1. Along the stretch B:338-348, what does the Karplus equation 6.51 cos²θ - 1.76 cosθ + 1.60 (θ = phi - 60°) give for ³J(HN,Hα), rounded to whole Hz, x for Gly and Pro?
2. Which value in nm describes the separation of the simple spin-label points at residue B:71 and residue B:43, placed 7 Å from the Cα toward the beta carbon?
3. Within the stretch A:290-332, what whole-number % of the accessible surface is contributed by carbon and sulfur, with the 1.4 Å probe and all protein chains included in the calculation?
4. What percentages make up the Cα-Cα pair-distance distribution of the stretch A:98-183 when the bins are 10 Å wide from 0?
5. How high is the FRET efficiency between residue A:328 and residue B:247 when r is their beta carbon distance and R₀ equals 60 Å, given to the nearest 0.05?
6. Would you mind telling me which residue in A:60, A:88, A:240 has the biggest mean-square fluctuation in a Gaussian network model of chain A, where springs connect alpha carbons within a distance under 10 angstrom?
7. To the nearest 100 Å², how much accessible surface do chains A and B cover up together, summed over both, with a 1.4 Å probe?
8. Can you tell which of A:110, A:338, A:118 shows the greatest fluctuation in a Gaussian network model of chain A with Cα springs below 10 Å?
Amino acid sequence: MKKILFVGHGMHTETASSRFFEIILEKQFQLDRVYLPDGPDHPFDLSLLERARGVDIVVLWQRDFLAPVFLGMGIPTVVIPMYDGSALFPDSHWLFAAEARFANFCLYLNERIRALGNASHILRYFPEPVPEAQRVRFDTTRPIIWTRRPNEGLNLQLVHKLLGSQITSIHVHDAPDPGVSWPAGCPRDESFGYTVTRTQWGQSKQPYLDALAGANVYFAPRLAEGIGMGFLEAMAHGMLVLAWDLPTHNEYVANWINGILYDANCSELHLPTGEAADRLGYQAWRTVVEGRKNWEASIPAILEWIGGTPVPTRTLPNPEALAVEIWNSFFAGIDSYNAFLEDHGDLIAYMSGKAHRRVTSAVHGEIADQVAVKSFTQISRDEIAELRESGRFDADWYIRAFPDVALLNMDPAAHYLWIGKHMGRPKRATQQSRGAAQAV
Amino acid sequence: MFAKIAICDPVCIQSFGHNLNAQSYYRNYLKVFCELPICIGSKHLDQAVAAGHEIHRSFSHVYNRDIPVLDKVDDPLFGSADVSRDATRLLREDLLEILSTFSIGAGDALFFPSVDFWSIRALGHMGDELLARGNPAIFLRFIGVMESADQGCFLDAMAEVVRCVRVMLAEGLDLRISAETPAYAKHLSELLGVRVLTTPYPEVGEMLPATPESEIFRVACPGSARGDKGYFVLRDIFANVRLHDPEQRIRFLLQRLPERDNVHHLKYLSQLYAVPGVSILPSVLDKADIDRIYLESDLIVLPYEAHIYKLRGSAVTMESIAYGRPLLALEGTAFAEQISDYGAGQVCADIPAMVDAILNFSRTPKSTLQENCIRARRDFFIDVNASYQEWLAA
């Protein structure tokens, strides 16, 4: 039985949102789990790399930015990104993990990643539907909203804008996500003329669950989702789901068929009631009934996809240094991470097998040139010695001119033979090379 | 009976699609009309694919601007100062080589299953050589795709085609012309002033068994991966059917756009994907996958744009009739006439009518659909075979 190191997100120890997938993996693999807390308060734990060396496959759940590290160690790597966390990353982020296999719960990400030439498999999760007799009814209209992200506009003010006096009451689960603050100019306790019942997180989740069980109109609480357990569970109960028109909502909700999508252009919504609402709710429930069958039927193919992840061919001499650098730049913010990617175009070119210019101007669907770069292990000592002794290579200048050499902790002559010459880098400072060094 | 028929297609360069399929179809069918059918495609057709399909690789690729499969260094027309002269010259040279290599002469034939512009022009410039070789018959089958692909060299490509055809006729060449649909045959006949027969695909396969009676009704849109084939109306069709089929009995299968187009239409793809009961396949499928689509589908839907397909046929239509699957098409397409004339399905005035038709077909017993398909198939191929008998008479 192959062994997998499952690398998840620290918050999943509380939410357990990856648990269903771990259970699936355990059908066929032996699992070693680690849930990484977010930096920068938590520096990267290098012992993780030692644990990775003892497994057959690394599976990264939402930690896609770490993929190059494990690929650089020569470990087959599966990446399971989430739209809500990774949608804004540039193409170079995905190209950096070109030798990984991707498993996507989001069609949009799946297609983007595939278009770059990466191997990606679409997953379409559905929860268990309730029995039809337990499907919610629409004798009255009973909406619920969990204000997880009031700062993103998903609050009672929005409900009032969209629905106005079409509803008279609503349940608000007043529990913003950790770190999320209530926006200025939007009174938290304002009821907008509705009869509002409220819950908050306490010692038990039961008050929220009871309120949810009594509702039949569900406002999806976030603009976008990675999978969307909340709204999927609502559909599984046959609720009328109202969701922002972004993935993954708009990959499960067909507008006015099995739910309702809205966006910033929507100034009001005519909320269906009674029979009309029941039709939408029924379609939502039916979608989950059929979808669940397809999800369960797809599991063997998913396991085969993961189990067949190939061994990467483009390895790195010092993945530890890369791991620390990537971790720190990622948690310093999106600008820092983007700058890191821009500064390491040559490394990404190597890891992706694509020409440098293709990495920096990656265009969907284009067939990129392959750079025939040897693995660094194929560079012989004789070649390195010959270059050093030739008198044509200035090692001190090279290491000063190209900071990524120090990052990789490599002999500068070895670096030049491995990748530098393919990037057109000069061997020493000349009139032209001073300009070239500045350009790259 | 001809001795040899060279089935020529310079556009047979990709490892998928109707050009490749047509080579196989005609190699099998023309055995009745000759002793030796010879399939000839592009020099750049994949070697393994060519070997598997018994296709000789002879033609230069002069259509790289339309079908960009070659790098610039390999494109024989890259940098050409006179594309018309060079493309004509290249295909003329290729055809002369073919005549020589395969000893094509009196009692033989050149057969173009989907004739292309530069082949017509080349033929129009080699009358002397053809006559010297005993005037082999030349069969030009027009399907409305590449015969006007002149890469902008002429103000009116079809006018140049007409001119070349008239030159060939005037030179006394044994030229025989057909078109894929009745509408196109009539149009060409008026344009060229000669008799033009209608030659859809011949029988391309056996009638498939009926799909089993079940609750599920499968609707397929094979080859949907293009805007002119109705890709962008599929969401409306599927969504409206779904509104009237809350039990989700009716299931849909389509092919997404090619990668270079797909990434620009991801929002639309998501909308298709979200409609319950829709399955989306890649834009390119191998023959086994396409065969399975026909085997498992109850209805084939082709919402092709009428103004583009006013004269053009549809390979899917001909295949569906051969395999025994009912069809829906929009009014105004040339193949709609064939569907209507032979009772091979239903022609719909617009998208709402197409939605209604899908619902009606889904309520029709599958045995009834099968009986209709058997009858349509029989009548269609009686006429098709008669047409080919007349056209290919030696």
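1. Computed from phi, the couplings for the stretch B:338-348 are 5, 4, 5, 4, 9, x, 8, x, 9, 9, 10 Hz.
2. The two pseudo-label positions are separated by 1.7 nm.
3. Numbers: 1020 of 1830 Å².
Of the solvent-accessible surface of the stretch A:290-332, carbon and sulfur hold 56 percent.
4. Histogramming the stretch A:98-183 at 10 Å steps yields 14, 23, 25, 28, 9, 1 percent.
5. Values: r = 54 Å, r/R0 = 0.91.
For R0 = 60 Å, the calculated efficiency reads 0.65.
6. A:88
7. Details: alone 19820 and 16620 Å², together 34490 Å².
What A and B bury together is about 2000 Å².
8. Maximum fluctuation in the GNM of chain A, among the listed residues, is at A:338.
The values are calculated or read from the model by the stated rules, or taken from the named source; none is laboratory data. Since we're looking at a predicted model, the values are computed, not measured. All Cβ positions, even for glycine, are placed from backbone atoms using ideal geometry, and neighbour counts span all protein chains on display. Heads up: the accessible areas ignore ligands, DNA and RNA and are worked out on the full protein's heavy atoms, side chains in. Shrake-Rupley method; radii C 1.70, N 1.55, O 1.52, S 1.80 Å.
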